[in-house]
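Just below is one structure, and these are the notes that go with it.
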Amino acid sequence: MKEDRLQLRMTPDLKRQLAEVARYRGLSMSDFATYAISDAVTKARYQHQVIELSREESAWLAGLLMNPPDPNERMVAAAERYTQLIRP
């Protein structure tokens, strides 16, 4: 059940295009705008949550995961501080 409202300001040309495309889909302008916004939100959330790597980047990351380098001094010190914080 739809309860919330959102008011939008747009150019007359964009409104004309919205009405035209909504008609193509057999939807009201409001329903089409809701559909389009929902689709845009889904895509934006996906892009924010997912990291896409190239083939080369994937191979590099897999190599690091399979054969991690030895920890350096800073990493060892950070691990010790973490252990002290967690297990006082």
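Rule-based calculations on the coordinates, nothing more; no lab input. Here the structure is a predicted model, which means the values were calculated and not measured. Neighbour counts are summed over all protein chains in view; Cβ atoms, including those assigned to glycine, are modelled from backbone coordinates with ideal geometry.
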### Query
Which of Leu65, Leu18, Leu27 moves most in a GNM of the chain, Cα contacts under 10 Å?
Leu65
### Listed candidates (i) 25.1, 66; (ii) 20.5, 62; (iii) 26.3, 82 - label of the one calculated as Rg and Dmax of the Cα atoms in Å
(i)
## Note on the structure
Rounded to the nearest 10, the angle in degrees between the Cα long axis of helix 55-66 and the longest principal axis of the Cα atoms of the chain comes to 40
### Message
Using a Gaussian network model on the chain with a 10 Å cutoff between Cα atoms, which of Asp13, Asp31, Asp70 fluctuates the most?
### Response
Asp70
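What does the charge add up to near Ile37, with Lys and Arg as +1, Asp and Glu as -1, over the other residues with Cβ less than 14 Å from its Cβ? Provide the component values of the computation, followed by the final result.
On the way: positive: Lys2, Arg5, Lys43, Arg45; negative: Asp4, Asp31, Asp39.
Summing Lys and Arg as +1 and Asp and Glu as -1 gives +1.
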